[in-house]
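The values are calculated or read from the model by the stated rules, or taken from the named source; none is laboratory data. The structure presented is a predicted model; accordingly, all values stated were derived computationally and were not measured. No Cβ is skipped: glycine too gets one built from the backbone with ideal geometry, and neighbour counts run over all protein chains shown. Just the protein is used for accessible areas: all its heavy atoms, side chains included, with ligands, DNA and RNA removed. Shrake-Rupley method; radii C 1.70, N 1.55, O 1.52, S 1.80 Å.
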Protein chains: 2
Amino acid sequence: MVRFEKQNLSQRMTDELGKAIVAGKYSAEAGLPTEAMLCEEYGISRTAVREAVKMLSAKGLISSRPRQGIRLEPAEKWNMYDTSVLRWLLESSPSLRVLKEFLQMRLAIEPQAAALAAQHGDAVAVDAIGDAAQRMLDAAADPAVDLMTADLDFHTSILRASGNRFFFQLRDFVSTALNVSIQHTTPAKGNVLSIAQDHYKIYEAIRSGQAERAKNLMTHLIDEAMVFIEKEIEKTSN
Amino acid sequence: MVRFEKQNLSQRMTDELGKAIVAGKYSAEAGLPTEAMLCEEYGISRTAVREAVKMLSAKGLISSRPRQGIRLEPAEKWNMYDTSVLRWLLESSPSLRVLKEFLQMRLAIEPQAAALAAQHGDAVAVDAIGDAAQRMLDAAADPAVDLMTADLDFHTSILRASGNRFFFQLRDFVSTALNVSIQHTTPAKGNVLSIAQDHYKIYEAIRSGQAERAKNLMTHLIDEAMVFIEKEIEKTSN
DNA sequence: ATAGGCATATTATATTACAAATAAATAAGA
DNA sequence: TCTTATTTATTTGTAATATAATATGCCTAT
């Protein structure tokens, strides 16, 4: 996925530290090691460490003050919509619980986005939705077509067509959620067509301006994934 | 609000640069001045400039590469859920359009959060909602009680009671939206009681576990603000 | 016992130097 | 003339070092 070799030192350091923090390597009371200690530990200069600290501060994970050292911020303050933070979180604890929270969020956002797209999505944006939906149908017939990417494009293009920058901003969030979902819920081969058709229906509702219908169909689509996850949770807790 | 004097140099620099970028001071083609030029312009060391650049990179506003300088990232990549970015955006263009997008977002999130709170909000969290709602009622009778803060607490505590960290994470977003809203929509004195009662009804629905009712009431509450904004937009466009 | 000052540790800022990367210009070859 | 290497210049990346600011806790003097 991410090519760490290509990144510069401070970015790699940011990633290392971020991962460690999210994974709970450091405690809130003890805080982080001092800059000097981090320099030694990773064999890099203070500049690189400081820039990593600044990055993580910007993401809400830590704060640093003179004489006090580098302190952990409570998890509530972490910027969860930051792609990196999200990735670290999932790498460290890919639990079903997080997955459920993802779906709850999508259940709030995506139906609303679909409704907005139906109300005033411009032609180009709506066409992109159709494209993606068509590709999902193709994938059902031809295994060579990438279903995953088509699915992802479908959901992303709806967020874009909503015309609301805050919704569209959540594309990485939704992408990540979908990616993680796939790992847990491999759809049965026969269901692919049925799923693709459900997606296409949403596109048709949007194109024809049926906001309520688009919203309901989208709710239903995500609800099915939710039901699946809840069954999984049931299973593991027993 | 924010005490810039108390902030350190790189944070102030981050704020200056961030504001300038969001306000459109720099063009995408030309990019930003080089580090050296920024040092001269603001009369500070390269370290401070670099740390500001790192912060803004972390927020998705810029990227920097050797020989290429500091480039602006497209607005789509900006982390809009970052409190600073949001603040810069509102300071530079406090338009009704942004306000409407805020409300569309709240319309997606808050009703769902209210439903979740009704389903499995723990007692302490739900009590906090009741507290805030009661304070809003008090404010209707006694002008000394801070209505604004109570209103804010009400919405924030519902996000918390949803038990979903992604919803709760949006508390700053909702706070900002409310703050901006207030500036545009000063409620008539007589309406305060009516509004407070609407809020209290939502609390009652949540406490008694009526998820659907809580959701509908919340939708209605935000919808009213939306209607108001749309009238304002109508007015200004004429 | 308490207030005020001092020592100390740690981050904040500054300065300088060199390394690395890359875009653009130039030269070489077909 | 066009393509391909190579060189060069510019800008960020990394490092090392020094000094300032600041918060903590100890310690002294009243």
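What to note about this one:
- Selection count where residues are at pLDDT 85 or above and over 19 Å from the mean Cα position of the chain (by Cα), scope region B:179-223: 27
- Some residue of region B:140-149 being closer than 27 Å to residue A:112 by Cβ, open to solvent by less than 30 Å² (accessible area, probe 1.4 Å) and part of a helix (DSSP H, G or I): no
So that you can scan it fast, the table gives a plain yes or no per residue for (1) hydroxyl-bearing (Ser, Thr, Tyr); (2) over 21 Å from residue A:105 (Cα atoms); (3) touching a helix residue (DSSP H, G or I) at 6+ places or on another chain (Cβ under 7 Å):
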residue	(1), (2), (3)
B:48	no, yes, yes
B:58	no, yes, yes
B:61	no, yes, yes
B:79	no, no, yes
B:82	no, no, no
B:119	no, no, yes
B:137	no, yes, yes
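- Matching residues in region B:54-100 - criterion: being within 16 Å of DNA strand D (Cβ to nearest atom), in contact (Cβ under 8 Å) with a residue 12 or more places away in the chain, out of contact with any strand residue (DSSP E or B) (no Cβ under 9 Å at 6 or more places or on another chain) and basic (Lys, Arg): B:59
- Here the helices (runs of 4 or more DSSP H) wholly within region B:1-71 that include at least 2 residues being more than 25 Å from residue A:66 (Cβ to Cβ) are B:9-22, B:35-42.
- Hits in region B:10-25 (condition: at pLDDT 90 or above and either open to solvent by 30 Å² or more (accessible area, probe 1.4 Å) or among the charged types (D, E, K, R) (or both)): B:15, B:16, B:19, B:23, B:24, B:25
- Residues within region A:76-92 that are open to solvent by less than 70 Å² (accessible area, probe 1.4 Å) and away from chain B (no Cβ under 12 Å), tallied: 4
- All of A:73, A:40, A:35 fail the test of being surrounded by fewer than 18 Cβ atoms within 10 Å (Cβ to Cβ), more than 14 Å from every other protein chain (Cβ to nearest Cβ) and not small (Gly, Ala, Ser), apart from A:40.
- Here residue A:14 does not fit the description of being within 14 Å of chain B (Cβ to nearest Cβ), away from DNA strand D (no atom under 16 Å from the Cβ) and touching a residue at least 12 places away in the same chain (Cβ under 8 Å).
- When residue A:49 is tested against (1) open to solvent by less than 40 Å² (accessible area, probe 1.4 Å); (2) out of contact with any Cys (no Cβ under 7 Å at 6 or more places or on another chain), only condition (2) is not met.
- Of residues in region B:104-125 being of a type in the set (A, V, I, L, M) and surrounded by fewer than 20 Cβ atoms within 10 Å (Cβ to Cβ), the one nearest to the other protein chains (Cβ to nearest Cβ): B:125
- Checked against the criteria, residue A:98 counts as open to solvent by less than 10 Å² (accessible area, probe 1.4 Å) and of a type in the set (Val, Ile, Thr).
- Any hit, region B:163-171, residues being under 24 Å from residue A:166 (Cβ atoms) and in contact with a Gly (Cβ under 7 Å, 6 or more places away or on another chain): yes
- Among the residues of region A:37-52, those identified as of a type in the set (Gly, Ala, Ser) and on the phi < 0 side of the Ramachandran plot are A:45, A:48, A:52.
- Test for residue A:56: is it within 16 Å of DNA strand C (Cβ to nearest atom), open to solvent by less than 10 Å² (accessible area, probe 1.4 Å) and at pLDDT 90 or above: yes
- For region A:171-179, the count of residues that are in the same structural domain as residue A:34 (by TED's automatic domain parsing), farther than 18 Å from residue A:196 by Cα and open to solvent by less than 20 Å² (accessible area, probe 1.4 Å) is zero.
- Complete set of residues in region B:23-40 that are within 32 Å of the chain's Cα centre (by Cα) and away from DNA strand C (no atom under 13 Å from the Cβ): B:23, B:24, B:25, B:26, B:27, B:28, B:32, B:33
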